[in-house]
Amino acid sequence: MGFGGLFALLAIAVVCAVVEQSVSKWSLGGALTTTVFAFIGAAGGAWAADRWRLPQIIPFRVAGESFPLVWSIAGAIVLASVVAMMSWESHKR
């Protein structure tokens with residue numbers, strides 16, 4: 001995958017970050033931190049969708065490959081929720 005494909009994946013990560021913050025109502029930090037976590041969550045969501053052969057609800061073409069947008073957003077939300085629960089537990093004590 002070339003520079004254009006990586007740029008497109010980064011753009012998807014930004015979209016995942018925006019959706020993840022609006023759903024979880026919790027911020028992981030600044031825009032760069034949230035985008036990095038969303039990128040990791042999106043990669044995990046795409047991996048899980050491929051691994052478990054989940055249907056691609058809204059596929060997005062990146063550099064000739066199909067990218068599962070919905071599962072990427074779900075992965076970003078799950079990762080943000082896990083991090084939020086872990087940090088909430090440490091603040092609760």
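The values are calculated or read from the model by the stated rules, or taken from the named source; none is laboratory data. Computed from a prediction, not measured in an experiment: that's the story for all the values here. For neighbour counting, all protein chains shown are included, and Cβ atoms are generated from backbone atoms with ideal geometry for every residue, glycine included.
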Problem set entry | Candidates ALA48, ALA74, ALA43, ALA63, filtered to the one that is small (Gly, Ala, Ser) and at pLDDT below 80 | ALA63
For this session: Starting from the stretch 64-85, take each residue that is polar (S, T, N, Q) and list its partners that are modelled with pLDDT under 80, counting only C-beta distances under 6 angstrom and pairs at least six apart or across chains.
Result: SER72/CYS16; SER72/ALA42; SER81/SER24
Exercise. What are the residues in the stretch 33-55 that are surrounded by 14 or more Cβ atoms within 10 Å (Cβ to Cβ) and among the aromatic types (Phe, Trp, Tyr), if any?
Worked result: PHE37, PHE39, TRP47
